[in-house]
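Comments concern the structure below.
The values are calculated or read from the model by the stated rules, or taken from the named source; none is laboratory data. The shown structure was predicted, so the numbers you read here are calculated from the model rather than taken from an experiment. All Cβ positions, even for glycine, are placed from backbone atoms using ideal geometry, and neighbour counts span all protein chains on display. For accessibility, only protein heavy atoms count, side chains too; no ligands or nucleic acids. Shrake-Rupley method; radii C 1.70, N 1.55, O 1.52, S 1.80 Å.
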Amino acid sequence: MYVNVAVLKETQPHERRVALVPSVVPKLIKLGAKLHMQTGASHAIKLADAAFKDVAFIADRKDLVADADVVLAVQPPALDVIDAMKQGAILISFIYAEKEPALVQRLLDKKITCFAMERIPRISRAQSMDALSSQSALAGYYAIALGMTHMTSVLPKITSAAGVIGPAKVLVMGLGVAGLEAIATAQRLGAVVEGYDVRPATKEQALSLGATFVDTGVDATGKGGYARALTSEEKAKVDAALTRHIQASDLIITTAAIPGKASPKLINKAQVAGMKTGAVIVDLSADGGGNCDDTEPGQTTQVGAVTIVAPLNVPSLLGKDASELYAKNQYALLVLMMKDNIVTIDWTDEVIAKTALTHDGKLCDAEKAGSDPHAPPNSPAKAA
Ligand SMILES: NC(=O)c1ccc[n+]([C@@H]2O[C@H](COP(=O)([O-])OP(=O)(O)OC[C@H]3O[C@@H](n4cnc5c(N)ncnc54)[C@H](O)[C@@H]3O)[C@@H](O)[C@H]2O)c1
């Protein structure tokens, strides 16, 4: 007996990641997997099919998934993939259900058990599976590198016989996983770093990384450790407190996000107009519309003397390392459901129950899941 696992080649534009890397192959085989991969799935990260030992390659994605018990991917798969899957098979990928109603309906119709990687609960036991964190950490690091390539000055203090160049001032706005990694990277490179977030709990984290914290006196800590949207009074207070810091910065990294909502605007046009000549903003929230009024998602633009860099899907730009961490996140999740060469789903496991999006033709309710181990895993809700 073994579990047939199929790994898709990503098809979304500019997506370079892949859900399986060679280092994870022996681990999955040890769990009882028989591995199949779509031909060329890892070519975007410069890995040839031959780099995957003990994996069978299939060119056509429908043939690939037809016999699969488990299908692995990074992005939500195309509808024809779901159509070709066995009824009752398992899909594990990012889904973002609110943006994919047709896909969710297909998952329900085909009775696919779908685990959506963005639903992994933020609890200690699930840290090894937390793909949002692993991918955000890489994005936070890369934001500094991107910013540097657009700056006309250096980050650290440099002393030469011709004189001394002072360190650059870096402001990181939004101190979740990406923001803290951006602070750590800028600190390592010798910049003078400030951090800001609407959750005051982040102050200690910024200080522990050697940055200072911009305290605006507004606390917008929301549900589950995430931020809530600001009221208009709070926004005005924050804007007044931040302007001086924004306009003194050489490089600003913005990462602010509110779950299920468009990115909050942290930098307005007037603040950009008053920024230093040559300053750079790297907006990591471009996928959600951006944190700056002048951001054009997916573009690098010049607004007066300021460069605004707003790349989409930043983890994909670091496809090799992002795939390595993502594949390990998925492996850690599979450990919970693969045992003795078969798939056994323990619906009383909080991580399993909260990560599940669809099962047996029903939508799963992450809010209720795990709260009562004797409750059925699914809400009777139907997809919109
Ligand atoms: N396993 C775990 O326990 C675990 C793992 C990862 C993250 N977390 C926690 O989850 C939470 C969210 O982390 P994330 O990286 O997903 O964050 P996120 O991507 O949801 O948001 C990024 C940051 O933007 C901030 N933000 C939102 N609106 C803002 C505004 N108007 N101005 C300034 N900042 C604003 C948020 O507070 C957050 O720190 C954090 O509390 C983090 O510590 C826990």
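For the stretch 183-287, the set of chymotrypsin sites (Phe, Trp or Tyr not before Pro) satisfying both a DSSP loop assignment and a count of at most 16 other C-beta atoms within 10 Å is given as 226. With a cut-off of at most 15 other beta carbons within 10 Å, and DSSP calling the residue loop, which trypsin sites (Lys or Arg not before Pro) in the stretch 197-263 qualify? Please list them. In loop regions of the stretch 197-263 (DSSP not H, G, I, E or B), the sparsely surrounded trypsin sites (Lys or Arg not before Pro) are 261.
Summarising the label geometry, the points placed 7 Å from Cα in the beta-carbon direction at residue 39 and residue 221 lie 5.5 nm from one another. The portion of the accessible surface of the chain made up by carbon and sulfur, rounded to a whole percent, is 55 (1.4 Å probe; DNA, RNA and ligands excluded). The calculated FRET efficiency for residue 301 paired with residue 80, based on their beta-carbon distance and R0 = 35 Å, is about 0.45. Restricting attention to the chain, close to 30% of DSSP beta bridges with both partner residues there are antiparallel. Per residue, the solvent-accessible area of the chain (1.4 Å probe, heavy atoms of protein chains only, all protein chains present) comes to 45 Å². Kirkwood Rh over Cα pairs of the chain into Stokes-Einstein at 4 °C, 1.567 mPa s: D in µm²/s? It comes out at roughly 58 µm²/s. Of the peptides 304-313, 251-260, the ranking by mean beta-carbon count within 10 Å, highest at the top, reads 251-260, 304-313. Residue separation of residue 237 and residue 273 scaled by 0.36 nm, minus their Cα-Cα distance, works out to 11.0 nm of gained length.
Converting the Cα gyration tensor eigenvalues of the stretch 200-289 into ellipsoid dimensions via √(5λ) gives semi-axes, longest first, of 21, 17, 14 Å.
Largest mean-square fluctuation among 14, 150, 36, in a Gaussian network model of the chain whose springs join Cα atoms under 10 Å apart, belongs to 14.
How large is the helix-only mean residue ellipticity at 222 nm for the chain, computed as the sum of -39500 (n - 2.57) over DSSP H runs with n ≥ 4, divided by its residue count, in deg cm²/dmol to the nearest 500? After summing the helix terms and dividing by the residues of the chain, the value is -9000 deg cm²/dmol.
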